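Notes to accompany the following structure.
The values are calculated or read from the model by the stated rules, or taken from the named source; none is laboratory data. Computed from a predicted model, the values in this text were never measured in an experiment. When we count neighbours, we look across all protein chains shown, and the Cβ atoms used for this are built from the backbone with ideal geometry, even at glycine.
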Amino acid sequence: MDREAIRAAYHALIDTHPEIEVKGKDMLYTSVNGHMFSIVNKTDGEVGLRLSKEDREAFIAEHDTALHESYGAVMREYVRIPHRLLEDPESLAPYLAASYDYVKTLEPK
């Protein structure tokens, strides 16, 4: 997927949950209570989603992916969304909801 297709797919995913707003101009992300829970890496276009430990482990195993990396650093609570899955926002919507719900349990910043 090229950068514009990734950005469009990310917006389509976020649109599955009207209460969530995309932020950022070059580096797209979502956040609640000061905690980011999804991100599009500006340099390589990879999408990361923050999940609880249990959801993260299940997602990695089920979708044959890994932890998300951004600017050479591993983001320990984020999974990398495979492009094949990003192209199907309806199948990703429950994971986005789980991510949103998880981050809402964290102490606000």
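Inspection of the range 87-95 identifies no residue that is of a type outside the set (Val, Ile, Thr), over 21 Å from residue 27 (Cα atoms) and touching an Asp or Glu at 6+ places or on another chain (Cβ under 9 Å).
The combined condition, being surrounded by fewer than 12 Cβ atoms within 10 Å (Cβ to Cβ), at pLDDT 95 or above and of a type in the set (Lys, Arg), is not fulfilled by residue 25.
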